[in-house]
1. Answer with one residue from THR111, PHE97, THR67: the one whose Cα lies farthest towards the positive end of the charge dipole of the stretch 55-146, charges on Cβ with Lys, Arg +1 and Asp, Glu -1.
2. On a C-alpha basis, how far is the centre of the stretch 44-97 from the centre of the stretch 128-188 in Å? Whole number, if you could?
3. With a Cα-only, solvent-free Debye model of the stretch 24-112, what are the log10 I(q)/I(0) values at q = 0.16 Å⁻¹?
4. Please provide three numbers in whole Å: the alpha-carbon extents of the stretch 126-211 along the principal axes, with the largest listed first.
5. Compare the peptides 326-336, 68-78, 302-312 by average per-residue count of other Cβ atoms within 10 angstrom and give them in order, highest first.
6. Could you sort MET151, MET108 by accessible area so the largest value comes first, with the probe set to 1.4 Å?
7. In whole Hz, what ³J(HN,Hα) sequence does the stretch 215-225 give by Karplus (6.51, -1.76, 1.60; θ = phi - 60°), x for Gly and Pro?
8. Enumerate the lysines that LYS324 could reach by cross-link, defined here as Cα to Cα under 30 Å, with residues fewer than 8 away along the same chain left out.
Amino acid sequence: MTFRFFLERFVTLITVFLLAVNAFGQASESIVRSSLIVTEISDISIQESTFYAKAELSLMWRPTDETSVALNLGNTIKYSLAQLASEGRLPWIPEFFVANSVLPRERMAQTLTVYPDGTFELFERFGAALKLSDPMPSYPFGSQKIELIIMPTNDSVETFRFIPKLFQVGNANSQEAITGNWNLIRNYSSTQDYPTLKYDGVEYLSKLNYTLLLDHDFFVILQAALGPIFLITLLSLFINRYCVIQETESGGDNGNWRIGGQLTLLLTVFALKFSLGDQMPQVEYLTFLDALFIISEIVISLCLFVGIFSIYKVQTGDLVVGQKIDRLGTPIISVVTLILFTWSVFYAFI
């Protein structure tokens, strides 16, 4: 073996080593370790499918560009991004946006910290109004998934890739961070490469999902809606059964109760539904609460129609037919009510 052979092998090894070091440096530069603490979840609106979140986000990376290296003075130091920008010394930082926010996020605090080992940390405290992931078809029962989705503003995965490090709800107690009748079941994070259109093809961005699964405490809705709906429906059946039609020219007082009472209950259901408008999800399909309102309206309307027709027959002299309709109406409507309520249970377990 000649000297030239050993020299060529030595140059090859040096080249491979330099390429590996360069590749490692690029990979390290593109990796951004993220930590998120959700400090507040509030204003969860089922009707508008929105909620408000406050969070503290930490992004850490190790850059190798000259501008960033020059900021490392050998000790831990915090920089003002505005000051660095005015001095022309602003390094590359992972700019991001909250993808499912209704409006741009509100920055409450933002700092850049440089550590002696060359690690950079961008800390930001922000608040944002966000869209709910999926409405609750079984509302008011079941759970609601809410997400906080973070994506780079411009950088592709070759420059900016998220690696989730920490995801926490509340600084001390997770339940203290959530307001309203909701309880945290679990929380988790995930990443994926999200394709976006580019003038010369498709570009992939690193997408970071922070997900919380919340259990809904239905006791408030039970008092405000479910209890009144069941009571109104039951009263309608009782009026139809025990307000007996009297054979008089005017139809008797009980006959008047059959009409006036049912009309009052029907209007009460409409008023109750209107008053709960901000607590009902506005979706294109039926929810459990929608099904209960529909059942109550159907039952009261059937009782009203049976009462009107029975009174008409009695007052026009067809007493036998009127009494027969009145006698058979209540059990038939009761069976229909039972069938409809059984059907509504399906929506509670979707």
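1. Towards the positive end, the residue furthest out is PHE97.
2. The stretch 44-97 and the stretch 128-188 have Cα centres separated by 21 Å.
3. Cα-only, vacuum Debye calculation for the stretch 24-112: -0.82.
4. 49, 32, 20
5. In descending order of packing, they fall as 302-312, 326-336, 68-78.
6. Output order, biggest surface exposure first: MET108, MET151.
7. The phi angles translate into 8, 8, 7, 7, 4, 5, 5, 4, 6, 7, 10 Hz.
8. Cα-Cα hits under 30 Å: LYS313.
The values are calculated or read from the model by the stated rules, or taken from the named source; none is laboratory data. Values in this document were obtained by computation on a predicted structure and should not be read as measured data. Glycine also receives a Cβ, built like all others from the backbone with ideal geometry; neighbour counts cover every protein chain displayed. When the accessible area is computed, the model is the full protein with side chains, heavy atoms only, and any ligands, DNA or RNA have been set aside. Shrake-Rupley method; radii C 1.70, N 1.55, O 1.52, S 1.80 Å.
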